[in-house]
Structures are given as C-alpha cells and as structure tokens.
Amino acid sequence: MPILEDTAAWVRLARTPALDAATLAAALERLGSARTLIGASDAGLAEAGLGPAAREYLKARHAPCSVELRWLEHACHHLVPCTATEYPEMLRSGDERPLALYVAGQLDALEDPPLAIVGSRSPTPGGKDTAFELSRTLAARGLVIASGLAEGIDTAAHRGALAAQGRTLAVLGTGIDRIYPASNRPLSEAIMFDGAVLSPFPLGTPPRRSNFPRRNHVIAALSLGTLVVEAARSSGSLITARAAQRLGRPVLAVPGSIHSPTSRGCHRLIKEGAHLAESADDILSRLDFSAFFARPRRAANAPQTTAPSRAGMDKEHKILLDALGFDPADLDTLVVRTGLKPEAVSSMMLILELEGHVQAAPGGRYSRVANRRAGGER
C-alpha cells in the first residue's frame, strides 16, 4: 500500500532517541503534526520541549529507513502511532507507552484488551499443560491472550488461544522482523492469521537483554490483568507482574508444588497479594470487564472478514492437506509432494494442526483427522 507522508514522519519519530510519549504529545500539540515536527528548526523543537539528543537526531534530517518503508508496503504490516485511534486503549495511559507500535497481522486484534499469560521459559510439563488449557478456555470465552512469544509458558499460552480459534497477541523484545526465538517463527505466522505480532522496537532491533523489561511492561499495560503460570524467583515474568501492579491491574498466580523452583515466584506473588488462580472462573472473577463490554464486539460465531478465512481454507492449505492423504507423512515428504518451501509447509501444518485438520503422529509425522463436523468444530 502507498506510504503516507505522516507515516514516513512517524518512522523517524519512532527511532528518535531520548523522546518519551509525554514530551512528544506536548510537542505535537504545539506544532500540529508529525510532519511539522520533524521539519521544525532546532529552536522550534527546543521550544516544543525536545531535549538535546532528540533535537540532534532530527536536525540531522535522517531519511526514513527504506527497509521499514518497504516493510510497510505489505497489507498486513502497520505502524500505529500513539496518537492513532487504532492504538490500544489500555496502553494509552502512562508516560512509558511506546511512541508507536509495529504490528504484523490483523490490526483489529488490538481493539479489545487482552489478558496477559506469562511464566517460565523452562516450565514443567504440568505447567505447560496448565497454561495451554487456561488459555484455551479463556480464549474460547472471548478473551484475547497476550504473551511474549518466548519458549515455555508463553508458547503454551499462544498455542492454547489458537487451539480455541481465539485471538492472541505476541509482543516482541526485538524488531518485528527479528522473530525470537527463531524456532517460534511458524507460531508467529499462525498468530498473524487472526491475531497480531507487535513490537515497540524499530525493525532490525536484535534481542538485547535490556529490551525485554520494556517488552514485559507493554504486555502488562496492554492487558486487563496478568496471570503468571510457573516462575522462578528471578523470572522475567515477575517484571510483567510488577508492571501490572504499578498500573493497578490485577495480578493472578497459579500455585504449585512447594518443592518446585518454578513455583517459588508464583508463591511469592501470592504472599504479596496476588490472587490465587486455580481455574478460569477464578481469573474471570478478578477482571474488570466494564470497559471491555462497553464497546461493540464481533459476534463469537460471526464469519471472519480477515484473510485468509478460517471458514474457507485457502488454496495452498488445501493442496497441503490433499498431499497428506490419509496415511501419516513427515514434513520432508510433504515438501516433495507439494513443491512448497519447507518453512511454508511447517507454518501451514501448524495452522492445520491448531484448527484440528491434522494431528501429530510418532516419528515427526502428521496424519489427517477424520470425521470433522461442518464449521470447523471438533
């Protein structure tokens, strides 16, 4: 799609150092628009409240990053400024809000506030199952599930929402073109199908340790509340919980064994006042849905308008399902049969599995699921 001048201006503002949302809001009120701001003189920027580092960057008249402008030409790629109506409502409050969000996927997935589900990168099998089942149940009831695309609990939470054919948001600690960990790239593509992957960082940003506390703050600020499922005492998910507490959002924690290191963070949160969560009803009872239900919502069974439609499988997915036949086959065999790229086959098989068309079989193979009812029900 064509890149508007305001969008190009916001690409530069999003990269401007030492510029926070409150300062930017005051500058925009004084100068009128992003284009006017980046074209202002050094004296004008100083009068508008911008500090030396921000003025120095803008004074250099950097050309907008061509990589980002090319990325934005894709129909499902978006840059959402903090002044835009599409910017998540729950994220607007607070001076720590990102100046802009890079979003890949369905922009309307940002319309409803989600529940954050976070936890250990090295959970127990039981912890992964708990995160998956709670996420699936809550997504089936209409909640959007937000997490950080990390290994472990985050991955289980995203998969649970997708298994319910619900929506999920993945917030990155990298540029949106740098999926981390790389092993979750197929999962990120499945999330974009009806949800969104988003980042507060410019394209090309690598996975620096210092990025992830900011990522965790965004997850908490986006959400009605934060649920922690397994966390060690030093777990990064506790940063998300602390951010939620500072914002006045409810924090919930799933208790575990007193002998498990991955339960100690959750037990500490409960001792400090977090709500104990044993079921989806425990979680729902602690969330304030007044703003959530005050806005028009898409009916649960309404046809999807975002492409590709879940109700009507697209051509390549049909080709892949036909190539699978009714005997188990591995990914390499499917690549040979279809001529599709291996990464495309891997991504599409994940989508087909989450939608219930196929199931994993021993030896890294897949088999079709027989006797599916109409409408995608299982």
Checklist entry - Just a yes or no: is a residue in segment 124-133 on the phi < 0 side of the Ramachandran plot, open to solvent by 40 Å² or more (accessible area, probe 1.4 Å) and hydrophobic (A, V, I, L, M, F, W, C)? => result yes
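In segment 74-84, what count of residues is obtained for those that are closer than 15 Å to W10 by Cα and either in a loop (DSSP other than H, G, I, E, B) or touching a Pro at 6+ places or on another chain (Cβ under 8 Å) (or both)?
Pass one, segment 74-84, residues closer than 15 Å to W10 by Cα: 77-84.
Narrowing the set further to residues that are either in a loop (DSSP other than H, G, I, E, B) or touching a Pro at 6+ places or on another chain (Cβ under 8 Å) (or both) leaves 82-84.
So the answer is 3.
Is there a residue in segment 97-116 that is under 30 Å from S260 (Cα atoms) and either surrounded by fewer than 23 Cβ atoms within 10 Å (Cβ to Cβ) or of a type in the set (A, V, I, L, M, F, W, C) (or both)? Working first, answer last.
Of the residues in segment 97-116, the ones under 30 Å from S260 (Cα atoms) are 114-116.
The next check asks that each one be either surrounded by fewer than 23 Cβ atoms within 10 Å (Cβ to Cβ) or of a type in the set (A, V, I, L, M, F, W, C) (or both); those that pass are 115-116.
Within segment 97-116 (the criterion being under 30 Å from S260 (Cα atoms) and either surrounded by fewer than 23 Cβ atoms within 10 Å (Cβ to Cβ) or of a type in the set (A, V, I, L, M, F, W, C) (or both)), the answer is yes, since at least one residue qualifies.
Scanning segment 252-279 for residues that are among the hydrophobic types (A, V, I, L, M, F, W, C) and under 20 Å from P125 (Cβ atoms), which turns out surrounded by the most Cβ atoms within 10 Å (Cβ to Cβ)? Even if it seems obvious, please write down each step before you answer.
Within segment 252-279, the first condition is being among the hydrophobic types (A, V, I, L, M, F, W, C), and the residues that meet it are 252-254, 258, 266, 269-270, 274, 276-277.
In the following step, the residues that additionally are under 20 Å from P125 (Cβ atoms) were identified as 253-254, 258, 266, 277.
Numbers: A253: 28, V254: 26, I258: 8, C266: 31, A277: 25.
Here the residue is C266.
Inspect all residues belonging to segment 258-274 and state whether any of them is under 13 Å from I117 (Cα atoms) and among the polar types (S, T, N, Q). I'd like the intermediate steps shown before the answer.
Step one: filter segment 258-274 for residues under 13 Å from I117 (Cα atoms), giving 266.
Filter again for among the polar types (S, T, N, Q), leaving none.
No, every residue in segment 258-274 fails to be under 13 Å from I117 (Cα atoms) and among the polar types (S, T, N, Q).
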Checklist entry - Of all residues in segment 168-189, which are open to solvent by less than 30 Å² (accessible area, probe 1.4 Å) and either closer than 15 Å to H77 by Cα or not in a helix (DSSP H, G or I) (or both)? => result T168, L169, A170, V171, L172, G173, T174, G175, I176, I179, P181, S188
Checklist entry - How many residues are touching a Lys or Arg at 6+ places or on another chain (Cβ under 7 Å) and within 18 Å of T240 (Cα to Cα) when one looks only at segment 158-202? => result 4
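Enumerate the helices (runs of 4 or more DSSP H) found wholly within segment 16-57, keeping only those where 1 or more residues are closer than 21 Å to L91 by Cβ and open to solvent by 60 Å² or more (accessible area, probe 1.4 Å).
Numbers: elements: 21-31, 34-38, 42-47.
Filter on segment 16-57 gives 21-31.
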Item to check | Filtered residues of segment 190-208 (kept if farther than 23 Å from S346 by Cβ and open to solvent by 30 Å² or more (accessible area, probe 1.4 Å)) | outcome: G204, P206, R208
Checklist entry - Is it the case that segment 362-369 has a residue that's open to solvent by 50 Å² or more (accessible area, probe 1.4 Å), modelled with pLDDT under 75 and among the small types (G, A, S)? => result yes
Item to check | Checklist (1) touching a Ser or Thr at 6+ places or on another chain (Cβ under 7 Å); (2) assigned to a strand (DSSP E or B) applied to P113, failing item | outcome: (2)
Next on the checklist: Checking Q165 against (1) modelled with pLDDT under 95; (2) within 27 Å of S93 (Cβ to Cβ); (3) not in a helix (DSSP H, G or I): exactly one of these is not met. Which one?
Outcome noted: (2)
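For segment 220-229, does any single residue satisfy the condition of being under 22 Å from S122 (Cα atoms), surrounded by fewer than 20 Cβ atoms within 10 Å (Cβ to Cβ) and of a type in the set (A, V, I, L, M, F, W, C)? I'd like the intermediate steps shown before the answer.
Here is the first cut: in segment 220-229, the ones under 22 Å from S122 (Cα atoms) are 220, 226-229.
Checking the rest, the ones that are also surrounded by fewer than 20 Cβ atoms within 10 Å (Cβ to Cβ) come to none.
No: zero hits.
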Checklist entry - Is one or more of the residues making up segment 325-348 modelled with pLDDT under 85, touching a Phe, Trp or Tyr at 6+ places or on another chain (Cβ under 9 Å) and within 22 Å of R136 (Cα to Cα)? => result no
Item to check | Among (1) among the hydrophobic types (A, V, I, L, M, F, W, C); (2) touching a Leu at 6+ places or on another chain (Cβ under 8 Å); (3) under 16 Å from G119 (Cβ atoms) - the single one A150 does not satisfy | outcome: (2)
Next on the checklist: Quick check on my filter: what residues within segment 246-272 are among the charged types (D, E, K, R) and part of a helix (DSSP H, G or I)?
Outcome noted: R246, R264, R268, K271
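The values are calculated or read from the model by the stated rules, or taken from the named source; none is laboratory data. Predicted model, so just to flag it, every value in this text is computed and none were measured. When we count neighbours, we look across all protein chains shown, and the Cβ atoms used for this are built from the backbone with ideal geometry, even at glycine. The accessibility values were calculated without ligands, DNA or RNA, using every heavy atom of the protein model including side chains. Shrake-Rupley method; radii C 1.70, N 1.55, O 1.52, S 1.80 Å.
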